[in-house]
1. Once you charge only the Cβ atoms, +1 for Lys and Arg and -1 for Asp and Glu, what is the size of the charge dipole of the chain about its Cα centre, to the nearest 20 debye?
2. Tell me what the chain gives for mean residue ellipticity at 222 nm when only DSSP H runs of n ≥ 4 count, each as -39,500 (n - 2.57), the sum divided by the residue total, rounded to 500 deg cm²/dmol.
3. If r is the Cβ-Cβ distance from Glu15 to Lys85 and R0 is 30 Å, what FRET efficiency results, to the nearest 0.05?
4. Where both residues lie in the chain, what percent of DSSP beta bridges are antiparallel, nearest 5?
5. Hey, which of these cross-link pairs are over 22 Å Cα-Cα: Lys57/Lys85; Lys21/Lys124; Lys51/Lys85; Lys57/Lys106?
6. For the pair Glu97/Leu141, report the inter-label distance in nm, with labels modelled 7 Å from Cα in the Cβ direction.
7. Suppose every K and R has +1 on its Cβ and every D and E has -1 on its Cβ; what is the size of the dipole of the stretch 76-142 about the Cα centre, in Debye to the nearest 20?
8. Can you compute the charge dipole magnitude of the stretch 7-71 about its Cα centre, using +1 on each Lys and Arg Cβ and -1 on each Asp and Glu Cβ, nothing else charged? Give it in debye, rounded to the nearest 20.
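Nothing in this text is a laboratory measurement; each read-out follows from the coordinates by a stated rule. None of these values were measured; they are calculated from a predicted model. Counting neighbours? That spans all protein chains shown, and the Cβs are built from the backbone with ideal geometry, glycine included.
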Amino acid sequence: MERNIGFKERRYIEELRILTKSTALDCVIDDRFDRVIYVIRQGDMGLAIGKKGDNIKRLQSVLGKRIEMVEYAETPEEFITNVFKPAEVVRIERGSENGPLNVFVKQRSDLGIAIGKAGCNIEKARILSRRFFGSDVGEVLLDQEEA
């Protein structure tokens, strides 16, 4: 998928690199939820977060927005699982041939975590999956086999 990174996004990525010494592959500025979403290179997540989240806190104070980070993965299934962490994703299924991906979580408590306040987490998943893999995320459902 082709991604366009504007000047502001480049500046935010560079700010992350300077403060944390980790590499961000992409940056999405989500004005609707007043946040910046970074897609971090695989294996750099611990470096990006820092001890007890110090790097995130420092970055939030510098940028003045809420910071969210997602670790990149090669496959859409792994990537979407990373987007929904800490909720435990059991499986991801495509509804129809070119339909959206439905995400199944293990427990009822994970349902609220995956959807997020006012739907912010599912919206993050939709933005990032469209941007990286060209697929859409449909619904987050409770896995009936596990329940």
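1. Magnitude of the dipole: close to 860 debye.
2. Dividing the helical sum by the residues of the chain leaves -11500 deg cm²/dmol.
3. Once rounded, the FRET efficiency stands at 0.80.
4. Rounded to the nearest five, the antiparallel share is 50 percent.
5. Those over the limit are Lys21/Lys124; Lys57/Lys106.
6. Simple spin-label model gives 2.1 nm for this pair.
7. 220
8. It works out to roughly 260 debye.
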